[in-house]
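Scroll down for the structure; my scribbles are underneath it.
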Amino acid sequence: MLRIAIIGGGISGLSAAFTLEKSRRGGALLDYVLYESGPRLGGVLLTERSNGCIFEAGPDSFLTEKPWARELCRELGLEDQLVPSNDAERKTYILKKGRLVEIPDGLLFLVPTKILPTLWSPLFSARTKLRMALEWFHPPRKSSQDESVAAMVERHYGREMVDGLADPLLSGVYGGEASQLSVQAVLPRLVEMEATYGSLGRAMLAARKQAASANRRPARPLFTALKEGMQQMVDAVLSRLPPTSLRLRTEVQAVERQDAGWMVSTPPRSEQFDGVIVATPAPVAAGLLRGTSAPLGEELLGIPYTSSITVNLVYDQAVRTWLPPGFGFLVPASEGRRILAATFVHNKFPYRAPEDRALLRCFIGGARNEILFALSDEEIVEIASQELEQIMGLRADPLSARLYRWKSAMAQYGVSHLERLARIDNLLSPLPSLALAGNAYRGIGVPDCIRTGHEAARKLLSFLGLAAKTAPAATDAP
Ligand SMILES: Cc1cc2nc3c(=O)[nH]c(=O)nc-3n(C[C@H](O)[C@H](O)[C@H](O)COP(=O)(O)OP(=O)(O)OC[C@H]3O[C@@H](n4cnc5c(N)ncnc54)[C@H](O)[C@@H]3O)c2cc1C
């Protein structure tokens with residue numbers, strides 16, 4: 001019987017376990033153990049319910065375009081539980097000089113593709129609008145050198161576009177800054193477009209035309225959520241895994257090579273395995289693997305993380321009626337606020353709140369605000385309420401509030417991240433029975449994390465000669 005350890009019980013580790021479980025049910029002589037240091041599985045995926053409201057502590061949905069989360073849900077029998085974002089209501093605002101301004105229609109991945117809405121938008125100055133027109137003639141870029149998202153956006157559209165749009169959009173997704181994030185890792189599509197067309201505007205229009213003629217299916221929603229929240233995905237995976245494979249409240253403290261396998265230490269115990277999947281945040285992986293390969297530990301430690309706090313606030317019917325339409329707003333750093341973004345949850349997805357309640361979710365923190373972690377829950381709720389009043393004029397007190405702190409949970413793909421990943425792959429090549437999964441590598445969203453979990457499991461199954469045995473879908477409880 002071959003044995004595999006999975007370290008970390010977030011969605012990446014759970015996806016790896018799900019793939020191994022399918023293989024085990026398909027007849028592979030395989031035993032696996034999933035170690036999780038916390039008291040529950042799911043990592044940052046956590047949903048709580050209160051008085052008919054659904055509070056998402058971490059992610060509230062996933063990008064529909066990336067298939068891996070949808071596919072996992074289908075395999076788990078959750079297809080009828082998937083709910084689309086209300087894209088008819090899809091308006092997002094940006095705070096500009098203390099006022100919420102709607103992002104103009106036709107902006108795709110930071111690229112303006114519709115002339116009139118952009119021309120009329122008060123979001124951009126006349127100078128930036130002129131830059132947008134001239135961008136049409138931008139020459140293709142010859143260099144393959146990575147740069148920051150800010151550098152690329154500035155070359156095409158000028159500084160105002162970086163501060164007013166790129167930065168708040170990225171801090172809403174990564175909690176990071178456009179000047180720090182790698183364009184090759186975060187927006188690879190724009191890099192390809194620039195190399196081929198020069199102008200991002202022309203490239204985006206060409207891509208849209210091509211997609212429209214190739215694909216006559218109805219447009220997919222931008223985001224997909226689950227009726228009862230993201231926790232549904234975690235619970236459904238767990239119902240497929242044998243409880244004997246799961247070790248909660250068990251922090252792995254060391255992973256060491258031993259003979260042809262690995263020794264996983266959870267003092268006072270140690271267990272021997274033939275393969276190991278490390279699905280923890282990269283700094284933890286660095287600590288666990290430094291003894292095996294110091295250079296690998298150094299590379300993993302070099303991937304920075306930011307923290308965030310999500311604050312769910314429930315308001316009454318009057319607030320729901322009063323709020324502007326749309327999904328919510330983003331806040332550029334130049335506005336000097338602590339809220340990075342706020343979602344009008346009851347507008348974005350169905351089934352999130354009763355008809356007579358408004359549910360707002362604020363994001364606080366990011367690279368600039370780590371200091372807020374020292375504050376109490378009450379102080380943070382007070383900050384969120386005060387800033388909602390200053391930004392939107394929302395004077396009502398919330399009926400209830402629930403906040404969640406995620407310390408160092410979001411990986412930041414810095415400039416040259418892809419080069420670092422190539423070095424990590426090289427360092428892993430003499431260690432075929434070791435695999436990494438998680439949000440530190442090739443995508444921080446839930447779908448990419450699921451993909452990395454599946455890939456890590458498949459790598460080990462293949463190395464251990466177990467790849468052929470996989471049941472079609474693990475549908476029954478064990
Ligand atoms: C606030 C927030 C909002 C987000 N919103 C979205 C969104 O809307 N859509 C989207 O697609 N993505 C979103 N993301 C990103 C996405 O949710 C995460 O990148 C992804 O869920 C990370 O999963 P993971 O399993 O790699 O890591 P984690 O969820 O961090 O799990 C890692 C696990 O490892 C465990 N662990 C750590 N050390 C050890 C150890 N020594 N031994 C054993 N276990 C250990 C931890 O306890 C944890 O459970 C969001 C993230 C956050 C924080």
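From the list ALA401, ALA384, pick out the single residue that is within 15 Å of the ligand (Cβ to nearest atom) and either outside the structural domain of VAL276 (by TED's automatic domain parsing) or in a loop (DSSP other than H, G, I, E, B) (or both). Please lay out each step first, then the result.
Details: ALA401 fails: within 15 Å of the ligand (Cβ to nearest atom).
None of the others qualify; the one that does is ALA384.
Can we say GLN231 is of a type in the set (S, T, N, Q) and out of contact with any helix residue (DSSP H, G or I) (no Cβ under 9 Å at 6 or more places or on another chain)?
On the way: of a type in the set (S, T, N, Q): yes; out of contact with any helix residue (DSSP H, G or I) (no Cβ under 9 Å at 6 or more places or on another chain): yes.
Yes: the conditions hold for GLN231.
Within region 143-157, can you find the residues that are touching a residue at least 24 places away in the same chain (Cβ under 8 Å) and either in contact with a Leu (Cβ under 9 Å, 6 or more places away or on another chain) or basic (Lys, Arg) (or both)?
ASP146, SER148, VAL149, ALA150, MET152, VAL153, HIS156, TYR157
Please verify whether region 286-297 includes one or more residues that are over 25 Å from LYS96 (Cβ atoms), of a type in the set (A, V, I, L, M), free of Cβ contacts under 8 Å to residues at least 40 places away in the same chain and assigned by TED's automatic domain parsing to the domain that holds ALA254.
Restricting attention to region 286-297, the residues satisfying the condition of being over 25 Å from LYS96 (Cβ atoms) are 286-297.
The next check asks that each one be of a type in the set (A, V, I, L, M); those that pass are 286, 288-289, 294, 296.
Then drop every residue that is not free of Cβ contacts under 8 Å to residues at least 40 places away in the same chain, which leaves 286, 294.
Now drop any that are not assigned by TED's automatic domain parsing to the domain that holds ALA254, which leaves 286, 294.
Scanning region 286-297 turns up at least one residue that is over 25 Å from LYS96 (Cβ atoms), of a type in the set (A, V, I, L, M), free of Cβ contacts under 8 Å to residues at least 40 places away in the same chain and assigned by TED's automatic domain parsing to the domain that holds ALA254.
Filter region 230-277 down to the residues that are small (Gly, Ala, Ser) and more than 15 Å from the ligand (Cβ to nearest atom), then identify the one that is farthest from VAL446 (Cα to Cα). If you could, list the steps in order and put the result at the bottom.
Step one: list which residues in region 230-277 are small (Gly, Ala, Ser), which gives 236, 239, 245, 254, 260-261, 265, 270, 275.
Narrowing further to those that are more than 15 Å from the ligand (Cβ to nearest atom): 236, 239, 260-261, 275.
On the way: ALA236: 15, SER239: 19, ALA260: 33, GLY261: 30, GLY275: 24 Å.
Filtering region 230-277 for residues that are small (Gly, Ala, Ser) and more than 15 Å from the ligand (Cβ to nearest atom), the one farthest from VAL446 (Cα to Cα) comes out as ALA260.
Give the residues of region 64-116 that are hydrophobic (A, V, I, L, M, F, W, C) and surrounded by fewer than 17 Cβ atoms within 10 Å (Cβ to Cβ), sorted by residue number.
Keep residues of region 64-116 that are hydrophobic (A, V, I, L, M, F, W, C), which gives 68-69, 72-73, 76, 78, 82-83, 88, 94-95, 100-101, 103, 107-111, 115-116.
Within region 64-116, ALA88, VAL101, LEU108, PHE109, ILE115, LEU116 meet the criteria.
Among the residues of region 170-185, which ones are of a type outside the set (Gly, Ala, Ser), surrounded by fewer than 22 Cβ atoms within 10 Å (Cβ to Cβ) and within 16 Å of the ligand (Cβ to nearest atom)?
Hit for region 170-185 is VAL173, nothing else.
So, in region 414-468, exactly how many residues are on the phi < 0 side of the Ramachandran plot and either more than 16 Å from the ligand (Cβ to nearest atom) or not in a helix (DSSP H, G or I) (or both)?
Restricting attention to region 414-468, the residues satisfying the condition of being on the phi < 0 side of the Ramachandran plot are 414-415, 417-437, 439-442, 444-464, 466-468.
Checking which are either more than 16 Å from the ligand (Cβ to nearest atom) or not in a helix (DSSP H, G or I) (or both) leaves us with 414-415, 418-420, 422-423, 425-437, 439-442, 444-445, 458-464, 466-468.
Summing the residues that are on the phi < 0 side of the Ramachandran plot and either more than 16 Å from the ligand (Cβ to nearest atom) or not in a helix (DSSP H, G or I) (or both) in region 414-468 gives 36.
The values are calculated or read from the model by the stated rules, or taken from the named source; none is laboratory data. None of the values given here were measured: they were computed from a predicted structure. Cβ sites come from the backbone with ideal geometry, for glycine too, and all protein chains shown count toward neighbours.
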